[in-house]
Amino acid sequence: MYDGPVQDLIDELGRLPGIGPKSAQRIAFWLLDQPAEDVERLAQALIEVKQKVRFCEICFNVTDQDVCRICRDPKRDASSICVVEESKDVVAIERTREFRGRYHVLGGSISPIAGRGPGDLHIAELVRRLSDAAITEVILATNPNLEGEATATYLSRLLGQTPGIRITRLASGLPVGADLEYADEVTLGRAFSGRRYVD
């Protein structure tokens with residue numbers, strides 16, 4: 001539709017999640033109107049995030065160091081691990097200020113339709129972490145949708161026989177079919193403080 005670089009930019013922006021063709025076109029023309037240094041700063045930030053960001057060696061949260069800020073923090077409660085699907089879920093839970101333990105990011109959820117099984121997630125690493133005698137609780141905070149529930153069920157069965165560790169699940173309050181990142185702080189906070197044991 002447009003010549004060369006403009007259409008290339010629109011096409012690339014259109015590949016971003018939640019950005020349709022019209023939004024991509026609007027963003028592209030907005031970028032064309034911005035000062036060159038602002039666009040260069042954006043381009044540099046994109047390059048740096050790909051070059052510098054990695055996954056924490058312990059919990060698999062995103063970080064620019066070998067071990068993330070939360071895992072390095074000696075004030076965090078080492079007795080509880082909150083298991084989430086993605087790094088963005090860590091941010092959502094941290095906003096509630098209800099949880100002071102550590103995290104474990106699975107890197108997704110079990111989804112046969114998407115071809116993701118337990119072996120594609122960081123479940124083996126979670127099991128290894130549970131050999132630490134300091135850990136007494138694992139909180140399953142996967143999304144309250146079909147895939148998240150399947151993942152929580154799988155983990156509760158896998159980890160349920162681990163001596164000295166209780167398995168809990170976030171309480172109701174989160175709408176079924178929703179993602180944690182879209183829940184407001186009050187709803188997520190109530191769900192967190194009202195978590196329940198997994199049978």
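Ser111: of a type in the set (S, T, N, Q), modelled with pLDDT of 95 or more and in the same structural domain as Glu149 (by TED's automatic domain parsing), yes or no? Before the answer, list the steps.
Details: of a type in the set (S, T, N, Q): yes; modelled with pLDDT of 95 or more: no; in the same structural domain as Glu149 (by TED's automatic domain parsing): yes.
No: the conditions fail for Ser111.
Out of (1) in contact with a Lys or Arg (Cβ under 7 Å, 6 or more places away or on another chain); (2) within 17 Å of Ser109 (Cα to Cα), the odd one out for Ile70 is which?
That leaves (2) as the condition not met.
For every residue, the table says whether it meets (1) under 19 Å from Thr151 (Cβ atoms); (2) part of a helix (DSSP H, G or I); (3) aliphatic (A, V, I, L, M).
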position	(1), (2), (3)
Cys59	yes, no, no
Asp66	no, no, no
Pro74	no, no, no
Ala78	no, no, yes
Lys88	yes, yes, no
Glu94	no, yes, no
Arg100	no, no, no
Ser109	yes, no, no
Ala124	yes, yes, yes
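Please give the number of the condition Glu149 fails out of (1) within 16 Å of Leu170 (Cα to Cα); (2) out of contact with any helix residue (DSSP H, G or I) (no Cβ under 9 Å at 6 or more places or on another chain); (3) surrounded by fewer than 16 Cβ atoms within 10 Å (Cβ to Cβ).
Unmet for Glu149, out of (1) within 16 Å of Leu170 (Cα to Cα); (2) out of contact with any helix residue (DSSP H, G or I) (no Cβ under 9 Å at 6 or more places or on another chain); (3) surrounded by fewer than 16 Cβ atoms within 10 Å (Cβ to Cβ): (3).
Assuming Thr153 fulfils every condition listed in (1) in a helix (DSSP H, G or I); (2) without any contact (Cβ under 8 Å) to a residue 24 or more places away in the chain; (3) within 14 Å of the chain's Cα centre (by Cα) apart from one, which condition is it?
(3)
Would you be able to say whether some residue in the stretch 22-42 is under 30 Å from Arg169 (Cβ atoms) and outside any helix (DSSP H, G or I)? First the steps, then the outcome.
From the stretch 22-42, those under 30 Å from Arg169 (Cβ atoms) are none; that's our starting set.
No, because not a single residue in the stretch 22-42 is under 30 Å from Arg169 (Cβ atoms) and outside any helix (DSSP H, G or I).
Every residue, every condition in (1) in contact with a Cys (Cβ under 9 Å, 6 or more places away or on another chain); (2) under 18 Å from Ala191 (Cβ atoms), yes or no:
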{"position": "Val105", "(1), (2)": "yes, no"}
{"position": "Ser111", "(1), (2)": "no, no"}
{"position": "Arg116", "(1), (2)": "no, no"}
{"position": "Asp120", "(1), (2)": "no, no"}
{"position": "Ala124", "(1), (2)": "no, no"}
{"position": "Arg129", "(1), (2)": "yes, no"}
{"position": "Ala134", "(1), (2)": "no, no"}
{"position": "Ile139", "(1), (2)": "yes, yes"}
{"position": "Pro144", "(1), (2)": "no, yes"}
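Here are Thr142, Thr187, Thr162: which of them is over 23 Å from Lys88 (Cβ atoms), surrounded by 13 or more Cβ atoms within 10 Å (Cβ to Cβ), among the polar types (S, T, N, Q) and in the same structural domain as Arg100 (by TED's automatic domain parsing)? I'd like the intermediate steps shown before the answer.
On the way: Thr142 fails: over 23 Å from Lys88 (Cβ atoms); Thr187 fails: over 23 Å from Lys88 (Cβ atoms).
Matching residue, one of Thr142, Thr187, Thr162: Thr162.
One line per residue, one yes/no per condition, for (1) charged (D, E, K, R); (2) within 25 Å of Gly108 (Cβ to Cβ); (3) outside the structural domain of Leu121 (by TED's automatic domain parsing):
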residue: Ile10; (1), (2), (3): no, no, yes
residue: Gly20; (1), (2), (3): no, yes, yes
residue: Gln25; (1), (2), (3): no, no, yes
residue: Phe29; (1), (2), (3): no, no, yes
residue: Asp33; (1), (2), (3): yes, no, yes
residue: Gln44; (1), (2), (3): no, no, yes
residue: Ile47; (1), (2), (3): no, no, yes
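Go through (1) assigned by TED's automatic domain parsing to the domain that holds Ala152; (2) more than 19 Å from the chain's Cα centre (by Cα) one by one and return the number of the condition Arg95 breaks.
(2)
Quick check on the stretch 43-57: of everything there that is modelled with pLDDT of 95 or more and part of a loop (DSSP other than H, G, I, E, B), which residue is surrounded by the most Cβ atoms within 10 Å (Cβ to Cβ)?
Residue satisfying both the conditions and the ranking: Cys56.
Limited to the stretch 89-109, what total is found for residues that are surrounded by 16 or more Cβ atoms within 10 Å (Cβ to Cβ) and over 21 Å from Tyr182 (Cβ atoms)?
Matching residues across the stretch 89-109 total 3.
The values are calculated or read from the model by the stated rules, or taken from the named source; none is laboratory data. These numbers come from a predicted model, not from an experiment. Cβ atoms come from the backbone with ideal geometry, glycine included; neighbour counts cover every protein chain shown.
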